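Structure record follows, encoded as structure tokens.
Derivation of every value follows stated rules applied to the coordinates shown; laboratory data play no part. Bear in mind the structure is a predicted one, so any value in this text is a computation, not a measurement. With ideal geometry, Cβ positions are generated from the backbone for all residues, glycine too; neighbour counts draw on all protein chains shown.
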Amino acid sequence: MVLNLKKNSYSRRDRIKTDLYNQRLLSASSLARKYHVSRQTIVGDIALLRAQGEPIIATVNGYHYQKSNDLYQGIIVCQHNLQQTRTELETIIAARSQVLDVVVDHPLYGQLIGTLGLTTSADIDRFMEQLAGDRARLLSSLTNGIHLHHLACPNEQTFMQIKKQLKQAGILYSDDET
């Protein structure tokens with residue numbers, strides 16, 4: 001019986017990995033319904049897959065599989081207020097690029113990372129609605145608005161164009177050279 005449960009767990013994790021690879025974004029709840037297990041079981045499965053080196057990214061909207069591709073990845077350093085958040089994100093998404101995460105250097109805890117996984121205007125809308133609805137604060141509020149984003153862009157030229165536009169908007173951190 002125990003051997004059969006382990007076999008089912010391995011099989012389910014393989015199927016979850018396939019689902020995540022083939023879908024853009026899946027929530028733990030939707031996977032739990034599909035496989036007739038608890039949401040916590042799925043969270044555990046995802047944790048085990050990640051521990052095995054699978055590039056599964058957890059975002060506020062669910063999980064996705066980070067596929068290796070030819071996207072150029074770069075880091076930008078920004079500083080802005082809450083009202084400029086949408087402008088920052090829309091500038092990046094409009095350039096067919098992705099906002100992978102936000103990183104701040106906290107004086108006590110060191111580097112804090114929040115996975116974003118924003119790729120569409122709808123993602124930005126959900127993020128902004130959640131920010132307003134939850135009365136949450138941006139991670140950058142801990143560091144006077146200074147934060148980093150890892151971006152995935154079609155190419156380096158696009159990345160450089162994003163930096164130029166963010167600088168013109170007064171969002172790119174002033175010490176960051178373009």
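Worth a mention:
- Globularity index of segment 2-65 is 1.03 (Cα radius of gyration / 2.2 N^0.38 Å, N = number of residues).
- The magnitude of the dipole of segment 1-113, with charges of +1 and -1 set on the Cβ of Lys/Arg and Asp/Glu and taken from the Cα centre, is near 740 debye.
- Gln66 long-range amide H proximity, modeled H, under 5 Å: Ile56, Ile57
- Counting all C-alpha pairs of segment 74-178, share separated by more than 22 Å (%): 23 percent
- Each label point was placed 7 Å from the Cα along the Cα-to-Cβ direction; for Met128 and Thr143 their separation is 2.4 nm.
- Nonlocal amide H pairs with Leu71, under 5 Å, H built at 1.01 Å: none
- A dipole drawn for the chain from +1 and -1 charges on Cβ atoms has a positive end, and of Thr87, Ser140, Leu31 the residue lying farthest that way is Leu31.
- Once the Cβ-Cβ distance of Leu108 and Ser29 is raised to the sixth power relative to R0 = 35 Å, the FRET efficiency obtained is 0.55.
- Computed helical MRE - 222 nm, the chain, DSSP H runs ≥ 4 contributing -39500 (n - 2.57), nearest 500: -14000 deg cm²/dmol
- With the charge dipole of the chain set up from +1 on Lys and Arg Cβ and -1 on Asp and Glu Cβ about the Cα centre, the Cα lying farthest toward the positive end among the listed residues Phe127, Val103, Ile76 is that of Phe127.
- Across the chain, the mean sequence separation of Cα contacts (distance under 8 Å, 6 or more residues apart), normalised by length, yields a relative contact order of 24 percent.
- q = 0.10, 0.12, 0.15 Å⁻¹, the chain: log10 I(q)/I(0) [Debye, one scatterer per Cα]: -0.46, -0.64, -0.92
- Under the Karplus curve 6.51 cos²θ - 1.76 cosθ + 1.60, θ = phi - 60°, whole-Hz ³J(HN,Hα) for segment 142-155, x wherever Gly or Pro sits: 7, 10, 6, x, 7, 7, 10, 10, 8, 10, 10, 10, x, 6
- Unit charges on C-beta of K, R, D, E only; dipole of segment 72-168, Debye: 200 debye
- Residue ranges 144-151, 100-107 sort as 144-151, 100-107 when ordered by packing (mean number of other C-beta atoms within 10 Å per residue, highest first).
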